[in-house]
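The values are calculated or read from the model by the stated rules, or taken from the named source; none is laboratory data. Predicted model, so just to flag it, every value in this text is computed and none were measured. Here the Cβ positions follow ideal geometry from the backbone for every residue, glycine too, while neighbour counts run over all protein chains shown.
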Amino acid sequence: MNESEKIKLRAPELSDLNQLFSWENDVELWHLSNTILPISRFSIEQYILSEHEDFYTKKQARFMISLFNEKEIACLGAIDLFDFDPKNRRAGIGILIEEKYRKKGYASQALAQLIEHSFATLNLHQLHCSILVSNVESIELFKRHKFSIIGIRKEWILLNNEWQDEYLLQLINQKLM
């Protein structure tokens, strides 16, 4: 990645509709979000149009990961906060990078930005995620950002007719302690 290739997290726009529709309906990705049915363009459009709603009300937020120099060059993926628990100040985190943009440091930039936003702006105490044991690159990404493996769910995900174990990872905001 050269110095001019910086990513920014931004709210989804209607111009992202086709990309989001493609990701949400890609059967190969459904195991990441426990999806079992296709989602309509209309539903995605309504989701985009509701992005202005309060995080405390929706309990989730999606950020598009965009590559910028002077202007936006490309949308590389998305990073989400979900299952927001306001009482315990925690949320789940998930990330998707288009295959052609992987292994270039963009996921790491996006994760760092969302961690900072979660702790500094949203005042969260912790973030958590679940990653298949076989997804070594994703596990290493989160570990580089100080997430710790705190448990394992045995035979948790049925993928390609085989049971997969899943790690639970957690990052606690040490600045609040």
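Below are the figures for this structure:
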read-out: Residue in the range 141-163 that is of a type outside the set (D, E, K, R), without any contact (Cβ under 8 Å) to a residue 60 or more places away in the chain, part of a helix (DSSP H, G or I) and out of contact with any Lys or Arg (no Cβ under 6 Å at 6 or more places or on another chain) present; value: yes
read-out: Count of the range 88-109 residues which are out of contact with any helix residue (DSSP H, G or I) (no Cβ under 8 Å at 6 or more places or on another chain), among the small types (G, A, S) and assigned to a strand (DSSP E or B); value: 1
read-out: All positions within the range 78-96 that are touching an Asp or Glu at 6+ places or on another chain (Cβ under 9 Å) and either farther than 24 Å from S148 by Cβ or among the β-branched types (V, I, T) (or both); value: A78, I93, I95
read-out: Single residue of the range 38-51 satisfying the filter (within 23 Å of C129 (Cβ to Cβ) and either small (G, A, S) or surrounded by fewer than 17 Cβ atoms within 10 Å (Cβ to Cβ) (or both)) that is nearest to the chain's Cα centre (by Cα); value: E51
read-out: Qualifying positions in the range 164-177 - in contact with a Leu (Cβ under 8 Å, 6 or more places away or on another chain) and in a loop (DSSP other than H, G, I, E, B); value: N173
read-out: Restricting the range 119-134 to residues that are more than 16 Å from the chain's Cα centre (by Cα) and outside any loop (DSSP other than H, G, I, E, B), the residue that is surrounded by the most Cβ atoms within 10 Å (Cβ to Cβ); value: A120
read-out: Residues of the range 31-87 satisfying the condition of being under 24 Å from A112 (Cα atoms), hydroxyl-bearing (S, T, Y) and not in a strand (DSSP E or B); value: S33, Y56
read-out: Residue in the range 153-176 that is surrounded by fewer than 13 Cβ atoms within 10 Å (Cβ to Cβ) and within 16 Å of the chain's Cα centre (by Cα) present; value: no
read-out: Qualifying position, being at pLDDT below 95 and closer than 17 Å to S33 by Cα, among E98, E155; value: E98
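A quick yes/no check of all residues on (1) under 19 Å from Q170 (Cβ atoms); (2) among the basic types (K, R); (3) surrounded by 13 or more Cβ atoms within 10 Å (Cβ to Cβ); (4) more than 16 Å from the chain's Cα centre (by Cα):
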site	(1), (2), (3), (4)
F84	yes, no, yes, no
N88	yes, no, no, yes
G92	yes, no, yes, no
I97	no, no, yes, no
K100	no, yes, no, yes
K104	no, yes, yes, yes
H117	yes, no, yes, no
V136	yes, no, no, yes
I139	yes, no, yes, no
